[in-house]
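Undergrad: After the structure tokens below, expect a handful of questions from me.
The values are calculated or read from the model by the stated rules, or taken from the named source; none is laboratory data. Being a predicted model, the structure only gives us computed values, none of them experimental. So basically every Cβ, Gly included, is an ideal-geometry build from the backbone, and we count neighbours across all protein chains shown.
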Amino acid sequence: MTSQPQTIMRKFEKVCEIIEQHNNDSSKLIPILQAVQEEYRYLPEDVIYYVATALGIPSAQVYGVATFYSHFALKPKGKYVIKICDGTACHVKKSIPILEALLKRLKLTLDSMTTPDMLFTVETVSCLGACGLAPVLTINDEVHGLMTPESTAALIDQIIAREEEK
């Protein structure tokens with residue numbers, strides 16, 4: 001049986017490596033947080049406090065950076081992060097029915113946008129910069145344009161089938 005201190009040390013081992021790769025330099029807080037988020041897929045609260053302590057800066061400073069930039073997430077995200085554009089071009093070309101189809105297919109609500117199995121997280125964004133492909137969505141930064149509710153559901157089904165094969 002593993003003791004609690006060993007479990008805690010293992011949890012922060014990767015964080016320590018990331019901080020060391022950045023020479024324990026608090027001026028490199030953003031790249032440190034980016035690397036930590038890449039490791040965990042979000043910034044756990046205890047990790048935020050650990051980073052602050054390790055860098056010798058107030059935890060409020062780390063939290064402030066983490067909440068200021070929309071790139072950082074304070075809640076766990078799924079393996080596949082789906083961003084649906086609801087900018088003007090996409091909205092006019094019916095992005096909302098795509099969002100509704102996704103929520104229905106994944107059994108999500110606007111209050112709960114991550115599947116319980118942590119496979120999918122759905123987010124709406126103001127613009128993905130691909131207006132010529134409207135309506136558009138990304139899945140882990142891979143762009144999918146000219147989407148319909150049906151093509152979106154088919155894309156989700158393909159991902160689920162791939163995951164079940166693993």
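Undergrad: Name the single residue that is farthest from Lys77 (Cα to Cα) among those in the range 1-58 being β-branched (Val, Ile, Thr), at pLDDT 95 or above and over 22 Å from the mean Cα position of the chain (by Cα).
TA: Applying the filter and picking the extreme gives Ile57.
Undergrad: What's the number of the condition Gly132 fails, among (1) touching a Ser or Thr at 6+ places or on another chain (Cβ under 7 Å); (2) over 24 Å from Gln37 (Cβ atoms)?
TA: (1)
Undergrad: Give me the residue from the range 69-94 that is surrounded by fewer than 14 Cβ atoms within 10 Å (Cβ to Cβ) and under 17 Å from the mean Cα position of the chain (by Cα) and, out of that set, modelled with the lowest pLDDT.
TA: So the residue we want is Ser70.
Undergrad: Output yes when any residue across the range 108-117 is in contact (Cβ under 8 Å) with a residue 40 or more places away in the chain and either in contact with a strand residue (DSSP E or B) (Cβ under 6 Å, 6 or more places away or on another chain) or over 11 Å from Lys83 (Cα atoms) (or both), and no when none is.
TA: No: zero hits.
Undergrad: Determine whether Pro97 is assigned to a loop (DSSP other than H, G, I, E, B) and either modelled with pLDDT of 95 or more or not assigned by TED's automatic domain parsing to the domain that holds Arg41 (or both). Can you show your working first?
TA: Details: assigned to a loop (DSSP other than H, G, I, E, B): no; either modelled with pLDDT of 95 or more or not assigned by TED's automatic domain parsing to the domain that holds Arg41 (or both): yes.
It is false that Pro97 is assigned to a loop (DSSP other than H, G, I, E, B) and either modelled with pLDDT of 95 or more or not assigned by TED's automatic domain parsing to the domain that holds Arg41 (or both).
Undergrad: Is it the case, given these coordinates, that Met147 is under 30 Å from Lys11 (Cα atoms), of a type in the set (A, V, I, L, M, F, W, C) and in a loop (DSSP other than H, G, I, E, B)? Please lay out each step first, then the result.
TA: Details: under 30 Å from Lys11 (Cα atoms): no; of a type in the set (A, V, I, L, M, F, W, C): yes; in a loop (DSSP other than H, G, I, E, B): yes.
In short, no.
Undergrad: Given (1) exposed (fewer than 13 other Cβ atoms within 10 Å of the Cβ); (2) within 19 Å of the chain's Cα centre (by Cα); (3) not in a loop (DSSP other than H, G, I, E, B), where does Lys104 come up short, assuming only one miss?
TA: Result: Lys104 fails condition (2) only.
Residue-by-condition table, conditions (1) farther than 20 Å from Asn24 by Cβ; (2) out of contact with any Pro (no Cβ under 6 Å at 6 or more places or on another chain); (3) assigned by TED's automatic domain parsing to the domain that holds His144:
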{"position": "Asp46", "(1), (2), (3)": "no, yes, no"}
{"position": "Ala54", "(1), (2), (3)": "no, yes, no"}
{"position": "Ala60", "(1), (2), (3)": "no, yes, no"}
{"position": "Leu74", "(1), (2), (3)": "yes, yes, no"}
{"position": "Ile84", "(1), (2), (3)": "yes, yes, yes"}
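Undergrad: Would a scan of the range 122-132 turn up a residue that is more than 20 Å from Glu163 (Cβ to Cβ) and assigned to a helix (DSSP H, G or I)?
TA: So the first thing to find is which residues in the range 122-132 are more than 20 Å from Glu163 (Cβ to Cβ), and the list is 124-132.
Narrowing further to those that are assigned to a helix (DSSP H, G or I): 131-132.
Yes, some residue in the range 122-132 is more than 20 Å from Glu163 (Cβ to Cβ) and assigned to a helix (DSSP H, G or I).
Undergrad: Restricting attention to the range 45-87, which residues are within 30 Å of Thr138 (Cβ to Cβ) and in a helix (DSSP H, G or I)?
TA: Step one: filter the range 45-87 for residues within 30 Å of Thr138 (Cβ to Cβ), giving 45-48, 51, 62-87.
Across the range 45-87, the qualifying residues are Glu45, Asp46, Val47, Ile48, Val51, Val62, Tyr63, Gly64, Val65, Ala66, Thr67, Phe68.
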